[in-house]
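Structure record follows, encoded as C-alpha cells.
Please treat every number below as a calculation from the coordinates, not as lab data. Note that this is a predicted model, so its numbers are computed, not measured. Using ideal geometry, Cβ is built from the backbone for each residue, glycine included, and neighbour counts are taken over all protein chains shown.
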Amino acid sequence: MKNKLLIIIPAFNEEATIAGVIASIRRHMPAADIVVVNDGSRDRTAERASSGGAVVLSHLYNMGIGATMQTGYKYARSKGYSIAVQVDADGQHPADQIERLVKPVLEGKADIVVGSRFLGEGDYRPSIARSAGMAIFSKLVSIIIKEKVTDTTSGFRAAGKNCIDYFASRYPDDYPEVEALVLLHKKGFSIMEVPVSMAERAGGRSSITPMRSVYYMVKVLLAIMVDLMKKN
C-alpha cells in the first residue's frame, strides 16, 4: 500500500470497550493496521485487544499518555507508516470519522490534522470548568501559531510521516495534546482542524477529576511557557 496507515490506540484499563473500538475500526477502515499500546493496565485490556486482532505493545507499568503515544509513534516509524491516527480506547472517537482526519494529510494540506468537536454542528457540551480551560488553551495556542484553533485538547488526530518521525523522538509527557501543537508549530509543521463528532464514553470512567483539571491547566501552561523560551 502506497500510504501505510496505522491506528494507534493508547489504553489503560479499557477492557470494557477496547474490543468494540477495534471491531469498529476494522469495519470502517479495513486497510488500516492497528496497534494498541497497553499502558500497564491491571485488567484484561491487552488480552482483549490481542483477541481482536490488534498488535499489542505493553508497558510494564503505567507511564502516562505521553509515553504511551510515543511508544506508538516509535512503532509507526520503525515499521515505515506514512500516517498515524490516534484513537481513544473508550469509544469516544467514532471510526467513521477517521477518513476526515486522514484526507488532508494524504492531500498534503497539513502535517497534522486535529478533529475538532467545536467546528460544524457538533453537540459536545463540556462542563463549565472544562469549557473554560479548553477556551483558554485554544485562545493561547491560536495566538502562538497565528491561526485559529478551536479544540487543542482533542486527542483525535492524524499525523503525517514527518510528524511521526518527530514525535517518535520527542513527545510531551503528561496531558500532551496542547503542548504538542506548540512544539510542532515551532518546528514549522502545518496544523489543520476538521469538524468531527464524538460520542460519550462507551465504558469505564474518565481519569480527569476537577482537581486534576486544575493541575492539568497549570502544568500545560507552564510547559508551553518553557517551550516558548527554548531556542530549539
Quick one: plug the Kirkwood hydrodynamic radius of region 1-122 (C-alpha pairs) into Stokes-Einstein at 20 °C, 1.002 mPa s, and report D in µm²/s. 146
Which residues make up the longest stretch of the chain clear of GluC sites (Glu not before Pro) that lie in a DSSP loop with no more than 12 other Cβ atoms within 10 Å, not counting the sites? 1-106
In a shell of Cβ-Cβ distance under 10 Å around ASP111, excluding ASP111 itself, what net charge do Lys and Arg (+1) and Asp and Glu (-1) give? +3
Going down the table (LYS103/LYS230; LYS139/LYS230; LYS139/LYS161; LYS79/LYS186; LYS4/LYS146), which pairs top 24 Å between alpha carbons? LYS103/LYS230; LYS139/LYS161; LYS79/LYS186; LYS4/LYS146
Suppose we flag trypsin sites (Lys or Arg not before Pro) only when DSSP calls them loop and at most 16 other Cβ atoms lie within 10 Å. Which is the longest uninterrupted stretch of the chain? 5-41
Cβ under 12 Å from LYS79's Cβ, LYS79 left aside: what net charge do those residues give with Lys, Arg +1 and Asp, Glu -1? +3
The chain: Cα Rg divided by the 2.2 N^0.38 Å rule of thumb: 0.95
